[in-house]
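*Asks:* I'd like to ask some things about the structure below.
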Amino acid sequence: MKSLEQINRILEYFKTKHHDSLEINEEAVLASYEKSEGHQTLTIKVLSIFGGILSSLAFVGFIILAELYESSSGMATLGLLLISLALWINSKAKSTILDTLGISLFIIGFICLGVSMAIEHTDFDTFCYVFILLAIVSAGIAQTLIISFVSVLIVSGSLLTLIIESENLEKMHILLCFYAVAITAVFVWESWIVSASPIFARLYKPVKIGLIFSFVAALFMNGKMHWFINNKEPIWRSSVVFVLLIMALVLLVFSVFKINKSSHKIIVVLLLLTALAPTVLAPAISGCMLIILNCFYANYKTGFSIGVLAFIYYVGQYYYDLSFTLLTKSLMLIATGVLFLVLYFLLWKSKNGQQVESQPA
Amino acid sequence: MDKILREDIHIISQNSNLSKEQMEQALREHVYPNETDWLKMIRLFVLSLGIGFSVAGIIFFFAYNWDDLSRFTKIGLTQALVIVSTGIVLIPKIDLLIRRIVLTAASILVGVLFAVYGQIYQTGANAYDFFLAWTISITLWVLVADFAALWLLYVFLINLTFVLYSEQVARDWNEDFILFVLFLFNASAHIAAIFNNHRKNSVVSPAWFTNILALAAFFFATNSYLSAIDDSKEEFNLALVFAPLFYGLAVWYSFKRKTIFYLASVAISLIVGISATVLIKNESSSSIFLFLCFFIVAAVSLAIIFLIRLQKEWANEKS
């Protein structure tokens, strides 16, 4: 939480840095800090989401016991009313305090709508399209962190459901490539997106974290679909896009290390391609590496942690699913481990070598 | 000058004529990692992959050759791993953090050793015997290393040993007592960690470690309460005395250290407890669920209002 003095110091810093050419609307800055303060800590966010989920469950219990689910039109009306009310609360109240109420109503509204469509035996595709449309409109209207985040999850969940239902692996690869490109764009073009328009700026955070969760879930479902569907669709198609994006990010990182020589760049790229080649048959692994690299590039700790946890899971899953004997798997793992340890010691030696060189004689 | 965060840059950008190039520069200077950060991350990532893959490979190797190995080879190999990893820990030239990580790996390998021993000799021991032996064996290492991850493993093992003992040996213990002991243990571990942080010249536990211990204590306290409100039980649940004491301490500590984590945890625990009480003490009807829905929304909203106000007050006091 920032105090007024801290905010003023930050404003002063920016003015001095840009030689007073920077025009800042200080009242608007203070109002923005006031509004955003409640969202700063993870604890408050968790409390909000906990309240939303628990109250939604209680409301679902009410609907079941009151047998309200028997009327599809009643449920649909209730659902739309609750979603509208949630958006109204978020747009009019402009208060972080009513977030819990808004989130609860939002989730319950979608549940009611889903139940009404299930009663009517609505076509599955229509079900998903309605959800996608409503979620996109809701995110655009609300523009708050948690409702927009939930909206992104609803959109991605509906897209995944459509693809799983159609058993179309080609569409899954397209979706994965879309997520990969979107995540990279969101992290690399952060300044462009945030400064482009106030709406983009407000939606930036929820869309960013929503995309990461959606991507990880899609990678999981991709693996399962390839396992269960007897299809000749090659699994590596999306991996190629992931590897290319990783290479693009690495080229950006060269500027951090001030690597300018083309020969050095080519060597690093070739080494990385060699290291990433085995992951082509495991898009989940290269996908997680893309998340980790993007999040570290932009110093986004939450996404980085999610990426690392997902990476550990998918690497384990990959080796578990390999149709080799345990002996072959063990030798592969040990060889890979030894390679990385050798690389670590080379890096450690170079670090110590640099430290020795930099010390005065 | 206070550290400039991403949110500060975003807010300034949205309320000024800061260009996207200027914003990009500000992000690079204050938010994005520099060369040193990248090198540190790459080294840690590569080391973690190296250790992770090697350990996994060793485990797979054992799994493959298991039936063909003689019992002496099986135990010998596992013991050799434990000895080698412990040997590495004794080399002073190696970075302290790495030695602590290796000792944590060695502690896990002790469990593997006991599992191998139990499997070979078919000792017929209960699972709790295994976890008890594992816990006792690594106690000295845990005390010497003073490493949060190893302490967490140790606390987890103690919890697991107790639960298995209650399921396999002390079957006459009632659920209330088991939950109370688990709550008491985790609460004590948490309080001990906090005390240790305030001692001079001691290694300060990271926040994630004390928070996990606190969450475990709150979890068992809440479960103790839920178990206690069951009408059929005649025994008095000691958790009904000690849990409020712990909650009181947590609230006091929250105000002392100006952190909202404990207050939020108490709020969640109380809301769950009250909701469960209403459900259990009344017949399940639609109106009860509707009441609970509104109650939860109101309670969480009030908790958030209170916590935000506290955060603002504390932020202003600090400056």
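The values are calculated or read from the model by the stated rules, or taken from the named source; none is laboratory data. As the structure is a computational prediction, the values presented were derived from the model and not from experiment. All Cβ positions, glycine included, derive from the backbone under ideal geometry; neighbour counts span all protein chains shown.
*Asks:* Residue check: is B:TYR154 surrounded by 18 or more Cβ atoms within 10 Å (Cβ to Cβ) and farther than 25 Å from B:ALA105 by Cα?
*Replies:* Working: surrounded by 18 or more Cβ atoms within 10 Å (Cβ to Cβ): yes; farther than 25 Å from B:ALA105 by Cα: no.
Here the answer is no, as B:TYR154 does not meet what is asked.
*Asks:* Looking only at the stretch A:300-334, how many residues end up being at the interface with chain B (Cβ under 9 Å from one of its Cβ atoms) and surrounded by fewer than 16 Cβ atoms within 10 Å (Cβ to Cβ)?
*Replies:* Here the count works out to 5.
*Asks:* Further question on the same structure: Is there a residue being within 27 Å of B:TRP252 (Cβ to Cβ) and either assigned to a helix (DSSP H, G or I) or touching a residue at least 40 places away in the same chain (Cβ under 8 Å) (or both) anywhere in the stretch B:125-148? Steps first, please.
*Replies:* Step one: of the stretch B:125-148, the residues within 27 Å of B:TRP252 (Cβ to Cβ) are B:146, B:148.
Filter once more, keeping what is either assigned to a helix (DSSP H, G or I) or touching a residue at least 40 places away in the same chain (Cβ under 8 Å) (or both): B:146, B:148.
Checking the stretch B:125-148: at least one residue is within 27 Å of B:TRP252 (Cβ to Cβ) and either assigned to a helix (DSSP H, G or I) or touching a residue at least 40 places away in the same chain (Cβ under 8 Å) (or both).
*Asks:* I'd like the residue in the stretch A:48-89 that is crowded, with 18+ Cβ neighbours inside 10 Å and of a type in the set (Phe, Trp, Tyr) and, out of all such residues, is farthest from the other protein chains (Cβ to nearest Cβ).
*Replies:* Out of the qualifying residues, it is A:PHE50.
*Asks:* Which one of B:ASP230, B:ASP146 is closer than 23 Å to B:VAL102 by Cα and of a type in the set (D, E, K, R)?
*Replies:* So the residue among B:ASP230, B:ASP146 that is closer than 23 Å to B:VAL102 by Cα and of a type in the set (D, E, K, R) is B:ASP146.
*Asks:* Looking at (1) hydroxyl-bearing (Ser, Thr, Tyr); (2) part of a helix (DSSP H, G or I); (3) under 24 Å from B:TYR262 (Cα atoms), which is the one condition that is false for B:TYR117?
*Replies:* Of the numbered conditions (1) hydroxyl-bearing (Ser, Thr, Tyr); (2) part of a helix (DSSP H, G or I); (3) under 24 Å from B:TYR262 (Cα atoms), the odd one out for B:TYR117 is (3).
*Asks:* Which pairs turn up if I take residues in the stretch B:95-117 that are within 13 Å of B:ILE59 (Cβ to Cβ) and look for partners that are aromatic (Phe, Trp, Tyr) and part of a helix (DSSP H, G or I) with beta carbon separation below 6 Å, at least 6 apart in sequence or on another chain?
*Replies:* From residues that are within 13 Å of B:ILE59 (Cβ to Cβ), the pairs are B:GLY111/B:TRP134.
*Asks:* While we're on this one: Return the pair list, or none, for Cβ contacts closer than 6 Å from residues in the stretch A:173-202 that are within 10 Å of another protein chain (Cβ to nearest Cβ) to residues that are of a type in the set (Gly, Ala, Ser) and in a helix (DSSP H, G or I), at least 6 apart or on different chains.
*Replies:* A:VAL194/A:ALA201; A:VAL194/B:SER13; A:SER195/B:SER13
*Asks:* For the stretch A:306-332, name all the residues that are of a type outside the set (Ser, Thr, Tyr), over 20 Å from the mean Cα position of the chain (by Cα) and in a helix (DSSP H, G or I).
*Replies:* A:GLY316, A:GLN317, A:ASP321, A:LEU326, A:LEU327, A:LYS329, A:LEU331, A:MET332, listed by residue number.
*Asks:* Can you find a residue in the stretch A:14-23 that is surrounded by fewer than 18 Cβ atoms within 10 Å (Cβ to Cβ), in a helix (DSSP H, G or I) and modelled with pLDDT of 85 or more?
*Replies:* no
*Asks:* So, one more: Within the stretch B:55-71, is there a residue that is surrounded by fewer than 16 Cβ atoms within 10 Å (Cβ to Cβ), more than 14 Å from chain A (Cβ to nearest Cβ) and over 30 Å from A:LYS258 (Cβ atoms)?
*Replies:* The answer is yes, given that some residue of the stretch B:55-71 is surrounded by fewer than 16 Cβ atoms within 10 Å (Cβ to Cβ), more than 14 Å from chain A (Cβ to nearest Cβ) and over 30 Å from A:LYS258 (Cβ atoms).
*Asks:* Do we find that B:ASP95 is exposed (fewer than 12 other Cβ atoms within 10 Å of the Cβ), farther than 27 Å from B:ALA149 by Cα and within 14 Å of chain A (Cβ to nearest Cβ) in this structure?
*Replies:* no
*Asks:* Still on this structure, I have one more. Go through B:ARG43, B:ARG28 for me and flag whichever is over 30 Å from A:ILE10 (Cα atoms) and of a type in the set (Lys, Arg).
*Replies:* From the options B:ARG43, B:ARG28, the qualifying one is B:ARG43.
*Asks:* Pull up the stretch A:269-299, narrow it to residues that are within 11 Å of chain B (Cβ to nearest Cβ) and not in a helix (DSSP H, G or I), then point me to the one that is nearest to B:GLU24 (Cα to Cα).
*Replies:* My answer is A:ALA298.
*Asks:* Output the qualifying pairs, or none if there are none: Cβ atoms under 7 angstrom, residues six or more apart or on different chains, first residue in the stretch A:32-47 and closer than 11 Å to B:ILE304 by Cβ and within 7 Å of chain B (Cβ to nearest Cβ), second residue at pLDDT below 80 and assigned to a helix (DSSP H, G or I).
*Replies:* A:GLY38/A:THR96; A:ILE44/A:GLY38
*Asks:* Follow-up question, since we're still on this one. Starting from residues that are of a type in the set (S, T, N, Q) and over 22 Å from the mean Cα position of the chain (by Cα), keep the ones in the stretch B:167-187 and report whichever is nearest to B:SER107 (Cα to Cα). Working first, answer last.
*Replies:* Within the stretch B:167-187, the first condition is being of a type in the set (S, T, N, Q), and the residues that meet it are B:168, B:174, B:186.
When the remaining residues are screened for being over 22 Å from the mean Cα position of the chain (by Cα), the result is B:168, B:174.
Values: B:GLN168: 25, B:ASN174: 32 Å.
Step by step, filter the stretch B:167-187, then rank; the result is B:GLN168.
*Asks:* Related question: Looking only at helices (runs of 4 or more DSSP H) that lie completely in the stretch B:230-319, which have at least 1 residues being loosely packed, with under 15 Cβ neighbours inside 10 Å and polar (S, T, N, Q)?
*Replies:* Output list reads B:261-281, B:286-318.
Okay, residues lined up against (1) closer than 24 Å to A:LYS171 by Cα; (2) assigned to a helix (DSSP H, G or I); (3) touching a Phe, Trp or Tyr at 6+ places or on another chain (Cβ under 9 Å):
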{"site": "A:PHE242", "(1), (2), (3)": "yes, yes, no"}
{"site": "A:LEU249", "(1), (2), (3)": "no, yes, yes"}
{"site": "A:PHE254", "(1), (2), (3)": "no, yes, no"}
{"site": "A:ASN260", "(1), (2), (3)": "no, no, yes"}
{"site": "A:LYS265", "(1), (2), (3)": "no, yes, yes"}
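*Asks:* A follow-up question, please. What are the residues in the stretch B:8-38 that are part of a helix (DSSP H, G or I), under 30 Å from B:ILE94 (Cα atoms) and either touching a residue at least 60 places away in the same chain (Cβ under 8 Å) or within 7 Å of chain A (Cβ to nearest Cβ) (or both), if any? Can you show your working first?
*Replies:* From the stretch B:8-38, those part of a helix (DSSP H, G or I) are B:8-14, B:20-30, B:35-38; that's our starting set.
Filter again for under 30 Å from B:ILE94 (Cα atoms), leaving B:35-38.
Selection gives B:GLU35, B:TRP38.
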